[in-house]
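Participant: Once you've had a glance at the structure underneath, I'll fire off some questions.
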Amino acid sequence: MDKFRLSLYLKWVTPISLIILTVLFFVIIAGIDTFSEKTAQARMEEHARVVANNLWNFNLEGISDYLSLASESYGYESLVITDHLGNLFWKIPERSISGITGTLLRMHLIPKLRLSAPVIYEGKVIGSVETIWLKTTIFLKAYTFFAFLLILVVIFLYIRILEEKATLEESVRKRTRELVESNNALKQEIIERSRVEEALRESVEKHIFLAENINDVIWTMDLKFKYTYVSPVSMKLHGWSEEDLKHLTIYDTLTPESVEIVRKMFAEQLKVGKETGHYNSSVTLILEMYTKDGSTLYCEIKASFIMGEDNKPIGIMGVTRNITERMKAQQEKDALEKQLDRSRKMESLGLLAGGVAHDLNNVLSGIVSYPEILLLDLPKDSPLYKPIRVIRDSGLKAAAIVEDLLTLARRGVMTKDTLGLNHIIEDYLNSPEHDKLLSYHPHVTIKTHLENNIPSIKGSVHHIKKSIMNLVANAAEAQPKGGTITLSTQSRYIDQPLQGYYTVGEGDYVVLTVSDQGEGISENDMQRIFEPFYTKKVMGRSGTGLGLAVVWGTVQDHKGYINIKSNLGQGTDVELYFPLVRGLVPEREKKATIESIMGKDERILVVDDIHDQREIATRMLTRLNYQVYSVSSGEEAVEYLKNHPVECVILDMIMEPGMDGLDTYKRIIAMTPDQKTIIVSGYSETDRVREAQQLGVADYIKKPYMLENIGMAIRKVLDR
C-alpha cells in the first residue's frame with residue numbers, strides 16, 4: 001500500500017513541477033521585459049538632459065560624441081534630435097548590426113522599440129530625442145530557460161531514484177518474511193532436540209554410554225557454573241581433560257562476552273521458573289570458547305536445568321558441539337551476499353544514470369560546441385565574448401557530470417592504453433584541480449610513497465586520474481582540522497583470495513593506496529559509501545555525490561578490486577587493485593594548438609541521425625579547413641560513398657531507425673576495405689564499439705564535440 005501511494009505521488013510530481021516551473025518562467029520573462037523597457041526609457045531621459053546641457057553651451061561636437069557612444073553602448077539602431085516643432089536638428093547615422101545579434105535581428109527574434117524623451121531646458125520643452133532600440137533581452141531569457149531546464153532534469157532524476165528505492169525496499173521486506181519463516185522452522189528443530197535431551201536425562205547409564213561414544217561434549221555443572229561432569233571427548237574439543245575442568249568454571253573456559261551471555265540467559269530462566277513454577281525449558285546458545293593452548297573456537301551449546309526432588313534446579317546439563325567451520329562458512333557466505341547486494345544495487349542505479357546521461361549528451365552538444373565556434377571568431381574585447389564563454393564553460397561542467405553518470409553506469413566506452421600509475425599521480429598533483437582542492441584545505445599535507453620502476457597497468461588515464469582526485473578530496477574532507485594524506489603505489493602478488501570490503505582474487509596487481517588520518521567511516525556509512533548521491537561532504541564545494549560511485553565504476557571497468565580499512569577516529573586506507581600488465585608506458589602527448597589540427601582541404605563525410613549534431617560537426621570541420629558533407633543515416637552513407645570517395649568518415653554509433661554505426665561500418669569496409677573511419681558517440685554499448693575497433697575503426701571520440709578533440713582525432717587518422 002505504501003509503495004502504491006508513493007507511485008501515485010511520484011506520478012504527479014513531474015507534471016506539477018513542469019506546470020509550476022513554466023508559470024514561474026513566464027512570470028520572470030515578463031518581469032525581464034518590464035524592467036528592461038523601464039530601464040531603457042530612463043536612459044532616454046538621461047540622454048535628453050545631457051543634450052539640453054550641451055545645447056545651452058553650444059557644444060554640438062560633444063552632443064555627437066555622446067550620442068554615438070550611447071548608440072554603441074545601449075544597442076540603438078538610430079538616434080535623432082528634433083526641435084520643438086518636430087524638425088530634424090541632429091541625427092546619428094544608423095548602425096550596421098552584425099554577429100549573433102545581427103543574425104537574431106534578421107530572424108525577428110530581437111524586437112525593435114521606438115523610444116523618445118523631451119529635451120527640457122529651464123522648464124520648457126525645446127525638442128526631443130528619439131531612437132530605435134534593439135531589445136536584446138533574448139540572451140537573458142535563454143539563460144533563464146536553460147536554468148529552469150536543468151532544475152526540471154534534477155527533479156526527474158530524483159523521482160527516478162525514489163522509484164528505485166521503493167523497489168529495493170520491497171525486496172528487503174520479502175527477504176525479511178523469508179527469514180521469519182526460516183526462524184520458525186529453526187525453533188521447531190530446537191523443540192525436537194530438547195525432547196531428545198529429556199530422554200537422555202531419564203537414563204543415566206544411556207547418558208554415559210552416549211557421552212563416551214559421540215563427538216559432542218556432554219557435561220553437567222552446579223548453579224555456580226562449576227563443572228561436575230564432562231564426557232571424555234572434551235579432550236578432542238578443547239584439549240582440557242575431565243580432571244582439568246573440575247577445577248575450572250565458565251569464567252575460565254569462555255570469553256568474557258560469552259560469559260555475560262550465559263549469566264544473563266540463566267538468570268532470566270531462573271526468574272521465569274520462579275514466577276511460573278516450570279524450569280523444564282532448554283536454551284541454545286552460540287558461544288566462543290577458549291582451548292587449552294589459548295586459541296578460541298565457536299560452539300553451539302544446548303542446556304537445561306537438572307531438577308531436584310523438590311522440583312527446583314540443582315544444576316545444569318548440556319551438550320557442546322564444535323561449529324567453528326560452520327560459523328566461518330556462514331561468515332564468508334554473509335560477506336559474499338553483502339558484496340552481491342552492493343553490486344546489484346550499484347548496477348540498478350547505474351542503469352538509471354546511464355539512460356539519463358545518453359539524452360543529456362545530445363542536448364549538451366549545442367551548448368558546448370556552438371559557443372566554442374563563436375569564440376574563435378569573436379575578439380576578446382567583444383561584449384559577447386564573456387557571456388558566450390560562460391555558456392561554454394557551463395556546458396563543459398554539465399558534460400563532466402554526464403561523464404560521471406556514464407562511468408557509474410559502466411557504459412562509457414573507455415580507452416585501454418598501457419599506463420604508468422606513478423605518472424598519473426604526478427600529473428594529478430601538478431594539476432589546477434589539485435591546487436584548488438588544497439586552497440579549500442590549507443592545513444592538509446600531501447605525501448607520496450611511489451614504488452620505483454612499478455609495472456604498468458592497462459586502462460584509461462582520464463578515469464583513473466578522476467578516481468585519484470575523488471579519493472584525495474574525500475580524504476581531505478575527512479580531516480577538517482588538517483592532517484596528512486598519503487598516496488602510495490606498490491606491486492603485489494595475491495596468492496589466495498583476500499577477504500576485505502570486496503574479495504580480491506588471486507593474481508598480480510599494481511595497488512594504489514590513499515590513506516588519511518581523519519575521522520574514519522562508521523559501519524552504517526561503510527555499507528553505502530559507493531551509492532550515487534550518498535554524501536556527507538560540503539555540497540557545492542566537494543561535488544555532486546558521485547565521487548566514490550565513479551571510483552567504483554572505474555575499478556569495475558578495469559577488472560580490479562577495492563578494499564577499505566577504516567577505524568573511527570583513526571583514519572581510512574582505500575586500496576585500488578589494478579591488474580598488472582607487461583609493457584612500456586608510451587610518451588605523453590603534447591597539447592594541440594589550433595594550427596596543428598587545421599585540415600588540408602580533405603573531404604570528410606559526417607554521418608549522424610540528429611540534424612543539430614550534423615550541423616555542429618559540419619561547422620567545426622569547415623572552420624578547420626575541411627570539405628564537409630553530411631548524411632542522416634547509415635544507408636545514405638553507404639549510397640553516398642559508392643560514387644563520392646572521401647578521406648575520412650565521422651560515424652555516429654547509435655542511429656535510429658536503420659543501421660547503427662557498427663553495421664554501417666561493416667557495409668563501408670565491404671566496399672572500401674581501407675576507408676578511414678572515426679566512431680563518435682555520447683553513450684554506447686562497449687562490446688559494439690570494441691567490435692568496430694577490431695574490424696579496423698581508426699579512432700573513437702566522445703560527444704559533445706570539442707574542436708580540439710575532433711581536430712586531433714582526424715589529423716591523427718589522416719597523417720598515418
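Readers should treat all values here as calculations from the given coordinates under stated rules, not as data from a laboratory. Note that the structure is a prediction, hence the values are computed from the model and not measured. When we count neighbours, we look across all protein chains shown, and the Cβ atoms used for this are built from the backbone with ideal geometry, even at glycine.
Participant: Longer than 24 Å from Cα to Cα, which of Lys447/Lys559; Lys174/Lys328; Lys174/Lys559; Lys642/Lys702; Lys226/Lys302 are they? Say none if no pair is.
Facilitator: Where the Cα-Cα span goes over 24 Å, the pairs concerned are Lys447/Lys559; Lys174/Lys328; Lys174/Lys559; Lys642/Lys702.
Participant: Take the cross-link list Lys458/Lys600; Lys38/Lys112; Lys135/Lys386 and give me the ones stretching past 24 Å between alpha-carbons.
Facilitator: Numbers: Lys458/Lys600 35 Å; Lys38/Lys112 15 Å; Lys135/Lys386 19 Å.
Checking Cα-Cα distances, Lys458/Lys600 exceed 24 Å.
Participant: Along the principal axes of its C-alpha atoms, what lengths does the range 603-718 span, in descending order and rounded to whole Å?
Facilitator: Between the extreme Cα coordinates on each principal axis of the range 603-718 lie 31, 31, 27 Å.
Participant: Would you mind ranking Leu88, Leu621, Leu376 so that the residue whose beta carbon has the fewest other beta carbons within 10 Å leads the list?
Facilitator: Leu88, Leu376, Leu621
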